[in-house]
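**Q** Here it is, the structure in full.
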Amino acid sequence: MAKKITIYTRTTCSYCVQVKRLLDMKGKTYDVINLDEDLAAEAAIIAKSGARTVPVVTVTDDAGDEQVASIGWNPGALLSAVA
């Protein structure tokens, strides 16, 4: 089973666009949660990652464990986590 990738983003985030473009180029599917529209998700991802910036990308494995894969524009960490 494939890893579940979630991108936490904001409407005006240019790095978020780059993360999506990179994942698209690698043929990865992902969910997008816009923190401008979901305040509960914003509080949850800040608590989980400690980051107040976006994008925050999480990867959930087959066991259901969600890990923060990358914060901000970090293609090396992102590609390593989704491989």
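Values quoted throughout were computed directly from the atomic coordinates according to the rules given, and no laboratory measurement underlies them. Keep in mind the model is a prediction, meaning the values are calculated, not measured. Cβ: placed from backbone, ideal geometry, glycine included. Neighbour counts: every protein chain shown.
**Q** Please report the antiparallel percentage of DSSP beta bridges with both residues in the chain, rounded to the nearest 5.
**A** So the antiparallel bridges amount to about 70 percent of the total.
**Q** Would you check the chain for Lys pairs whose C-alpha atoms are within less than 18 Å, ignoring same-chain pairs closer than 8 in sequence, and give me the count?
**A** For the chain, the number of qualifying lysine pairs is 8.
**Q** Label points 7 Å out from Cα along the Cβ direction at LYS28 and LEU79: separation in nm?
**A** About 1.1 nm separates the two model spin labels.
**Q** Let me ask something else about it. PRE reach from ALA47 (point 7 Å along Cα→Cβ): which of region 1-21 fall under 20 Å by backbone N?
**A** Zone members listed by number: 6-9.
**Q** Something else about it: Quick one: net charge around ALA83, please, counting Lys, Arg +1 and Asp, Glu -1 for every other residue with C-beta under 14 Å from its C-beta.
**A** Within the 14 Å Cβ shell, the charges total +2.
**Q** Would you mind ranking SER70, SER14 so that the residue whose beta carbon has the fewest other beta carbons within 10 Å leads the list?
**A** Ascending number of Cβ neighbours within 10 Å: SER14, SER70.
**Q** Within 10 Å of each residue's Cβ, count the other Cβ atoms and sort GLU66, GLU42 from fewest upward.
**A** Fewest to most other Cβ atoms nearby, the residues stand as GLU66, GLU42.
**Q** Next up: Which three numbers, in whole Å and largest first, are the semi-axes of the equivalent ellipsoid of the chain derived from its Cα gyration tensor as √(5λ)?
**A** 18, 15, 11
**Q** Next question. Counting helices only, and only those DSSP H runs with n ≥ 4, report the 222 nm mean residue ellipticity of the chain as the sum of -39,500 (n - 2.57) divided by its residues, in deg cm²/dmol to the nearest 500.
**A** It lands at -11000 deg cm²/dmol.
**Q** In whole percent, what relative contact order does the chain give with Cα contacts below 8 Å and a gap of six or more residues?
**A** Over the chain, the number comes to 36 percent.
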